[in-house]
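A.B. asks: Sharing a structure below in structure tokens format, with a few things to ask.
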Amino acid sequence: MKSALSDISIESIKGIGEKTAASCHKLDLYTVFDLVEYYPRRYEIYPHPTPVAELAVDKKQAVCVAIIGKPTDFRAKGMQITSFQAGDETGRMKVTYFRTPYVKKQLMAGRRYILYGKVKQGRVMEQPLIFSQDEYDQLQKGMWPIYSLTQGISNKFLRKTIKTVLTGYRDTLEEVVDYTSTLSVKEREHYHLMPLSEALYQIHFPDSDEMYQQARRRIVFNEFYEFLNGVLELKDSNTRYINHFPMIETADTVRFLEALPYKLTNGQKKAWAEIREDLEGKYVMNRLIQGDVGCGKTILAFLSMIMSAANGYQSAMMAPTEVLARQHFEDLIRMKEQYHLAIHPVLLTSSVKGKIRKEIYADIASGEANVIIGTQALIQESVAYHKLGLVITDEQHRFGVRQRDTLAGKSQEQPHIMVMSATPIPRTLAMILYADLNISAIHELPGGRKPIKNAVVGPGYSDTALRFMVKEIQAGHQVYVICPMIEGDDEDDSGLKNVKDHARELKNLLPETIRIGTLTGKMKPAEKTRVMEAFAAKDIDLLVSTTVIEVGINVPNATVMVIRNAEHFGLAQLHQLRGRVGRGDDQSYCIFMASDEEAAAGERLGVLKNSNDGFHIAEEDLRLRGPGELFGERQSGDLAFRLGDIITDSQVLLDARDCINRNGQWTFDPIV
């Protein structure tokens, strides 16, 4: 979407000074329109109060109680704890606060309050929010947005500021331009699309559940419609380009395959035959290699690059992270030396500086370097290629179609394009998302790999999981622990684990000899690279991370993954995360730890327990999730959509494709 608000700094908003703006920048909020597009991650819906006798364990509830007696203070483990009794006509409960002595001033013995929070065993409510009856009555009338926060930025601030923007710039919001702006009123009505300006308001401050769903549908439709138009443009531009980089299979690839200590699987053989046919054909290749983590896509990329070099052309392979690019480069260097390959690889990333960077630029421009591996540094304006005949993007769902097109545009003529993805996507959706590509799907793993052993458990398994992690680390292995949030905040009592707090918790619970690191997407690229390289070098035993490790890290020594609050992720993403272990010769394990026993026993997580097949899991994800869970955390996050999810919103994706098709544009499907 484009808006005039994109040119207005957030510092123009009353009340936002230099310090607050700096905190906003940590959330990538720089302009007024950034605030408009900073969608809530969930909503708080305040329920009717529950009698004390009917309170359920591990569930957020409201309770209307009177304070019994005076609150008492005591210290435990260096913390000041405030505790008091409360009750209603049905029973009593205990209320506890940590490091908040001022709470005593808010409470009067005998007076009734509404407490809202999670109840522990023994009818203990910890850190509940406190409201008067009138305050709570107002809260029950709406759905309250909960945003991702950082230090210095509260939900209260974001709610107030975003509401100010949405009301103060209402006329400007009606002029927002995007692909759907070209749709007629009749078309918008046919697809049940509310006006965009109203959707942008209702997504933040919905009047009702129904209005929220309509607003979300409109914004998700926009995202998919724009993405598919981009795919359409690529399809039109790539359609049957004459092959200006014709290749023939040489002895280089044949000898390489014969020398490998293993045989390609049938799926790899079929995909390699299709790649060769494309490279040798009359028209350029546009092919997606889709397969599960560990199915052997990378060796197909290496074979293609060797074939390209043998025919006198350059190839470029773009990876989403520097760590993954470096791993590809080191693997290729090792193979070059071991199998005497006639290639000259170079590695180009943002951390390559000065004289070495200039030398690499010169080698690429002259053609001396015929295999170039790197990150988005490959598409910088200063990089000039000599004879770029093949472009490969790894983990395609991490790149936009524009980035792929930009890399291809570095060639004097349209080059061959190969994209690789381990993201398991149902075939029906893949045919839409990758409609500009022919698809080669690999459904089997190389022989000798030990299947990952899976466990789906509730929070009561925590102590057992800790002992198991210690055992594996003491055996010389490494562990991942995945949390759905980066950091917690005092306003959010969702019960979701966050990286910062959980890392501190583990340091207190585990032996001091265990080295613990943290990794989040908000870290600076250099810091992320440092942490991932330290983990790969075995300098970190246990890595607490968000889903940022979903791609871009390959550590065969890591044998255990524990995923906290597992029910808050989509099945396909959980499978992607699981793929970070099981990459070596040792037995690996994945523990999906749900927030409660009910979620642990549910059908969704049971799919992961019983299957390691990503394609089967993707189909089950599509079947089970449907349009529900709209008030939970964002799910799979594929293809970097702000709000849309290709599984949960699959029907909206189909509607967006249908809308384009009604205009006579979408007339193609991939060759599978």
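The values are calculated or read from the model by the stated rules, or taken from the named source; none is laboratory data. These figures come from a predicted structure and were not determined experimentally. Positions of Cβ are generated from backbone atoms using ideal geometry, with glycine treated the same way; all protein chains shown enter the neighbour counts.
A.B. asks: Here are the criteria: (1) within 31 Å of the chain's Cα centre (by Cα); (2) under 21 Å from K387 (Cα atoms); (3) charged (D, E, K, R). Tell me which single one D292 does not satisfy.
C.D. replies: D292 satisfies all of (1) within 31 Å of the chain's Cα centre (by Cα); (2) under 21 Å from K387 (Cα atoms); (3) charged (D, E, K, R) except (2).
A.B. asks: F245 is checked against (1) part of a helix (DSSP H, G or I); (2) touching a helix residue (DSSP H, G or I) at 6+ places or on another chain (Cβ under 9 Å); (3) at pLDDT 95 or above and fails just one. What number does that condition carry?
C.D. replies: Among (1) part of a helix (DSSP H, G or I); (2) touching a helix residue (DSSP H, G or I) at 6+ places or on another chain (Cβ under 9 Å); (3) at pLDDT 95 or above, the lone unmet condition for F245 is (1).
A.B. asks: Six or more apart or on different chains, Cβ under 7 Å: which pairs go from a residue in region 92-114 that's in the same structural domain as K77 (by TED's automatic domain parsing) to one that's among the hydroxyl-bearing types (S, T, Y) and assigned to a loop (DSSP other than H, G, I, E, B)? Could you list them?
C.D. replies: Y113/S132
A.B. asks: Right, here's the next one. If a residue must be assigned to a loop (DSSP other than H, G, I, E, B) and in contact (Cβ under 8 Å) with a residue 40 or more places away in the chain, how many such residues does region 130-177 contain?
C.D. replies: 12
Each row is one residue, and each column tells you yes or no for (1) assigned by TED's automatic domain parsing to the domain that holds K387; (2) out of contact with any Phe, Trp or Tyr (no Cβ under 6 Å at 6 or more places or on another chain).
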site: R170; (1), (2): no, yes
site: S184; (1), (2): no, yes
site: H190; (1), (2): no, yes
site: P195; (1), (2): no, yes
site: E223; (1), (2): no, no
site: N229; (1), (2): no, no
site: I242; (1), (2): yes, yes
site: A259; (1), (2): yes, no
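A.B. asks: If you scan region 634-650, which residues turn out to be at pLDDT below 55 and surrounded by 24 or more Cβ atoms within 10 Å (Cβ to Cβ)?
C.D. replies: S636
A.B. asks: Here is a list: E210, E249, E226. Which entry is free of Cβ contacts under 8 Å to residues at least 40 places away in the same chain and among the charged types (D, E, K, R)?
C.D. replies: When all the criteria are applied, what remains is E210.
A.B. asks: Grab the helices (runs of 4 or more DSSP H) fully contained in region 544-620, keeping just those with 2 or more residues being over 20 Å from A422 (Cβ atoms) and either at pLDDT below 80 or of a type in the set (F, W, Y) (or both).
C.D. replies: Per the criteria, 597-600.
A.B. asks: If you don't mind, there's one more thing I want to ask. What are the residues in region 154-185 that are surrounded by 18 or more Cβ atoms within 10 Å (Cβ to Cβ) and modelled with pLDDT of 85 or more, if any?
C.D. replies: N155, L158, T161, I162, V165, L166, Y169
A.B. asks: Quick test of your reading of the structure: L390 fulfils all but one of (1) of a type outside the set (G, A, S); (2) in contact with a strand residue (DSSP E or B) (Cβ under 8 Å, 6 or more places away or on another chain); (3) modelled with pLDDT under 85. Name the failing condition by number.
C.D. replies: Unmet condition: (3).
A.B. asks: From the set of residues in region 35-54 that are over 35 Å from the mean Cα position of the chain (by Cα) and assigned to a loop (DSSP other than H, G, I, E, B), which is nearest to I146 (Cα to Cα)?
C.D. replies: Filtering first and then ranking leaves P49.
A.B. asks: How about region 295-322: which of its residues are surrounded by 21 or more Cβ atoms within 10 Å (Cβ to Cβ) and touching an Asp or Glu at 6+ places or on another chain (Cβ under 6 Å)?
C.D. replies: I306, A319, listed by residue number.
A.B. asks: Answer yes or no: is there a residue in region 354-367 that is acidic (D, E) and farther than 24 Å from I275 by Cα.
C.D. replies: Within region 354-367 (the criterion being acidic (D, E) and farther than 24 Å from I275 by Cα), the answer is yes, since at least one residue qualifies.
A.B. asks: Oh, and also: On the basis of being farther than 23 Å from I248 by Cβ, crowded, with 21+ Cβ neighbours inside 10 Å and at pLDDT below 95, does L347 make the cut?
C.D. replies: No; evaluated as a whole, the condition is false for this residue.
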